[in-house]
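Have a look at the structure below before the remarks.
Each reported figure results from applying straightforward, stated rules to the coordinates on display, with no laboratory input. What you see is a predicted model; the values in this text were computed from it and never measured. Ideal geometry is used to build each Cβ from the backbone, glycine not excepted, and the neighbour counts take in all protein chains shown.
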Amino acid sequence: MDGATTDRGNAVGQALEVVTGVVRLLRGAAAGPAATGGRLSLTEFRLLKRLGQGVRLASELAAELEVTAPTVSAAVDALVRRGLVERCAPTGDRRAVPLAATPAGLEALAAARLVQQQALTALLDQLSPHERRALQVALPALARALEVQRQGEPVVAP
């Protein structure tokens, strides 16, 4: 193995460890705010986040979240019981029931996002100004690479 391959392997390993840690931090923060009337599972949080953008069908949510229909159904049932999501009157196809976040659901989502922001801010506050600037440069580049990959185009390393 040459030096560039070793450096890339080390960077990949380090990135996996850091990204996994940040995801765990944000997942825990999203799940835990007391303002939500109880913990939100990651699926419930993601579902509420989508419904915060507008009314969706369960089948649309399953596709967008890349989960099964029974997973969405269970999460919706739990959120409906808690008053965070409501089933709307069907339009046309009675089997396709639109889903919407309730005002309480939007409040729960906002509370979860706030706790996530606070957790990430506390993490970033531990970095030096130089490290924060480096992150500000690296994050947009990583976001662009992710977008290219999502569109199905291969990511080409320089």
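A few comments on the model shown:
- Enumerated helices (runs of 4 or more DSSP H) restricted to the stretch 19-99, each holding at least 1 residues that are basic (Lys, Arg) and either out of contact with any helix residue (DSSP H, G or I) (no Cβ under 7 Å at 6 or more places or on another chain) or under 19 Å from Ala111 (Cα atoms) (or both): 42-51, 69-81
- Flag for Glu107 being in contact (Cβ under 8 Å) with a residue 12 or more places away in the chain, part of a helix (DSSP H, G or I), more than 28 Å from Val19 (Cβ to Cβ) and of a type in the set (D, E, K, R): yes
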